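Quick notes on the structure that follows.
The values are calculated or read from the model by the stated rules, or taken from the named source; none is laboratory data. Keep in mind that what you see is a predicted model, and the values were worked out from it rather than measured. Note that we place each Cβ from the backbone using ideal geometry, even for glycine, and neighbour counts take in every protein chain shown.
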Amino acid sequence: MTPNRLKHLLREGQPTCGTFLSLCSPLAAEIMGMLGFDWLLVDMEHGAGDYQTLLGQLQAIRAAGDSVPLVRVQWNDPVVVKRVLDAGAMGVMIPGVRSVAEAHQGVLATRYPPAGVRGMANVRATRFGLDPDYYAEANENIAVFMQIENGDAVRHIEDILKVPGIDV
């Protein structure tokens with residue numbers, strides 16, 4: 001598995017630079033990938049794209065340079081999280097997190113058992129089964145961002161941030 005450079009920068013307290021992609025265009029993603037961003041986030045929550053346009057954008061980002069491909073999923077749903085990670089995202093932003101339980105659910109969706117509930121398959125992220133290290137390394141390599149968007153979450157922010165596995 002390719003090491004997640006973004007997680008390394010975050011652990012080291014280094015600033016990062018990235019942007020959201022909402023044009024649903026692999027060509028736009030490829031151009032942005034050539035510009036030297038640390039990360040590029042495909043927005044599936046508010047963007048008009050679907051799984052097919054996501055796949056093309058993730059392929060373009062990886063082919064164009066060193067930007068870490070991230071996806072803001074539509075909702076905190078383990079099936080949605082699994083599919084974007086299987087497609088090759090190296091991190092997810094989970095919107096609308098309101099509680100510790102929801103934050104914990106989001107982290108579990110990004111982790112393989114026994115640390116989580118993500119299902120296993122020989123998919124694009126595993127190089128279709130050709131990456132023997134993927135399953136062993138993925139739990140520590142996938143970036144997890146929680147989006148705090150309401151008063152309940154703000155009131156519980158200290159507890160939410162204690163959930164193991166949250167990077168941002």
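What the table below lists for this structure:
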quantity: Checking T2 against (1) in a helix (DSSP H, G or I); (2) farther than 25 Å from E149 by Cα; (3) β-branched (V, I, T), the condition it does not meet; calculated: (1)
quantity: Options G36, G47; residue that is in a loop (DSSP other than H, G, I, E, B), under 20 Å from Q147 (Cβ atoms) and not acidic (D, E); calculated: G47
quantity: Residue check for T19: assigned to a strand (DSSP E or B) and surrounded by fewer than 16 Cβ atoms within 10 Å (Cβ to Cβ); calculated: yes
quantity: Qualifying residue in the range 67-78 (condition: more than 24 Å from V154 (Cβ to Cβ), at pLDDT 95 or above, among the polar types (S, T, N, Q) and part of a loop (DSSP other than H, G, I, E, B)); calculated: yes
quantity: Qualifying positions in the range 25-49 - modelled with pLDDT of 95 or more and not aliphatic (A, V, I, L, M); calculated: S25, P26, E30, G33, G36, F37, D38, W39, D43, E45, H46
quantity: Number of the exception - V42 against (1) crowded, with 19+ Cβ neighbours inside 10 Å; (2) over 22 Å from I94 (Cβ atoms); calculated: (2)
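Here's the yes/no breakdown for (1) in a helix (DSSP H, G or I); (2) surrounded by fewer than 18 Cβ atoms within 10 Å (Cβ to Cβ); (3) touching a residue at least 24 places away in the same chain (Cβ under 8 Å); (4) not aromatic (F, W, Y):
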| position | (1), (2), (3), (4) |
| --- | --- |
| V84 | yes, no, yes, yes |
| A109 | yes, no, yes, yes |
| F128 | no, yes, no, no |
| P132 | no, yes, no, yes |
| M146 | no, no, yes, yes |
| V154 | yes, yes, no, yes |
